[in-house]
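A short worksheet on the structure shown next.
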Amino acid sequence: MRRRILVIDDDRAILDVLAMRLEAMGFDVTATADPAAALAAADAGRFDLALVDLRMDPVNGVELMESLHARQARLPVLIMTAHGTIETAVEAVQRGAFDYLTKPFVPDEFRAKVSRALATRRWTRDRERLQALGQTLASTGVVARVLDAVAQAAVDATEAERSVVFQLEQGRLVPMASAGTPPPRWDALEAGAAAAMDKGVPVTRAGADGGTIVAAPLVVQRGPAGALVVETAARVVPDEDDLELLALFSSQAAVAVRNTFELERLRSGALAALGRMATQVAHELKNPLAGLRLYARHLEQRLARRGDAEDVELATKITATVDHLGAVVSEITAFGRPPELQRAPVALAGLLDECLDLAQARHPGEGIAVARAYDAACPAARVDARELRKALLNLLVNAREALVAGGRLTLATVWAPDTRTLTIRVEDDGVGMSEETLSRAFDLFFTTKPEGTGLGMALARSVVERHGGELGVQSRPGQGTRVVIRLPLEAGEGGA
């Protein structure tokens, strides 16, 4: 992409010569004799370098440099000075200038110092961004966080208009994360991603409205699993540095995604083993708990007949605790030994409404708005309504518990006929989850609720996966949580 250079000098002749030289070197130049106009330009957009005359009226070059640094802290500044004021120029370097240029300019010196300032600025900026991206990728075990970080880093590093991370899912490219402005055409970005995956190296294509699309493949395990795509503004052409940086980001993202998937695979295996062991433990606890509940209930009734209110309250607490343990045992059994699916055509909108009524009954919540966005084209799906109801009810109760008065719960369904996939979305704008909580959301017995069993999310995902589907969660503290379920329909299913 063309580097942007800001030039400020109150000598119009010098200003015109500098602008002409820099443009001939391939830079995008903003030249002005007005310090106020220069500061306004720095407020409006980022620059890669500034050339500032040392002596101007009413503001001197050092003061103007400090005002520029207040707006763009890492902007390298070359101070332009006459031979008689070199000592003042050296002082300017001590106060933050990158270097100084003496008038009249020596072409080789001018070109060398401009190039060195830009190279140093680029190296410092890219090193910081790579370090920040590396820290983000190393600290998260959540794929959505990884992809968000990569998309944002790509926009920051290349100064593109937008960035999108595509992943290959069931033979089609799906946008999983984005940063910058929304794209005017998704198909152009998707075509760029497909081309990069096909060639296995970064590719450049014409974008919308005169811009440029650059795509780098995301290679995971045996081959490309997606692509990182950026699109620049009109007439901005990416350079070799941008292509190398984009390829580096995509390779870092691929490693992080691969590590995250491997961690998830290991975790799933450990959870399966833990589930089998928990089932055996639950079986041993089931009968003793039933007897204990009977004795506690009998004790509660005897104390009630005697009129001993304080002891009755204590016995009631014992019964409630035993009931809670019984519920945990039942959920463990359901998770460890799921019943065989009994599939039948089910309208998802009706099932969602039924589950919502049940969730509202369990957790009423005052002042919570509910929005429904059901796709009218969504066909009936052959699912086990009883099992799917368990999963959806868990998700809806979680969503309502995360909301406070004035909160919003959104239920949506989407039918994609090209992939024959039904999507269910449960979204709230509640408290959200921290990264650590999100990474452990499917761990058995992990819960943040005082009365929770820590099995609800694992059970929900188990139900969805037994239907051949996928369940994913995105969440941010203070911004809410989105749960997305994708259910595939077999050929001929749903009457479509």
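Only one of the listed residues (D48, D34) is acidic (D, E), within 19 Å of I5 (Cβ to Cβ) and surrounded by fewer than 16 Cβ atoms within 10 Å (Cβ to Cβ). That residue is D34. Only one entry in A381, A385, A399, A361 is more than 29 Å from the chain's Cα centre (by Cα) and crowded, with 20+ Cβ neighbours inside 10 Å, namely A381.
Go through the residues of segment 13-21 one by one and say whether even a single one is of a type in the set (K, R), within 29 Å of A160 (Cβ to Cβ) and buried (at least 18 other Cβ atoms within 10 Å of the Cβ).
no
Strands (runs of 3 or more DSSP E) fully within segment 1-100 that include at least 3 residues being at pLDDT 90 or above and farther than 30 Å from I213 by Cα: 49-53, 77-82.
Name the one entry in A215, A188 that is small (G, A, S), modelled with pLDDT of 80 or more and either buried (at least 23 other Cβ atoms within 10 Å of the Cβ) or not in a helix (DSSP H, G or I) (or both).
Only one candidate qualifies: A215.
The set of residues in segment 170-185 being loosely packed, with under 14 Cβ neighbours inside 10 Å and either touching a Leu at 6+ places or on another chain (Cβ under 6 Å) or on the phi > 0 side of the Ramachandran plot (or both) consists of Q170, G171.
For segment 45-64, a residue qualifies if it is closer than 15 Å to R95 by Cβ and out of contact with any Asp or Glu (no Cβ under 6 Å at 6 or more places or on another chain), and the qualifying residues are A50, V52, L54, V59, N60, V62, E63, L64. Does segment 65-74 contain at least one residue that is among the acidic types (D, E) and over 20 Å from R3 (Cα atoms)? Within segment 65-74, one or more residues are among the acidic types (D, E) and over 20 Å from R3 (Cα atoms). Evaluation of A315 against the conditions (1) small (G, A, S); (2) within 30 Å of R440 (Cα to Cα); (3) modelled with pLDDT of 75 or more shows that the sole unmet condition is (2). The condition (being surrounded by 20 or more Cβ atoms within 10 Å (Cβ to Cβ) and in the same structural domain as F27 (by TED's automatic domain parsing)) is satisfied by just one residue among A82, A97, A119: A97. For segment 368-389, a tally of residues being over 16 Å from L422 (Cβ atoms) and assigned to a loop (DSSP other than H, G, I, E, B) returns 1.
The values are calculated or read from the model by the stated rules, or taken from the named source; none is laboratory data. Values in this document were obtained by computation on a predicted structure and should not be read as measured data. Cβ coordinates were reconstructed from backbone atoms using ideal geometry, including for glycine residues, and neighbour counts include every protein chain displayed.
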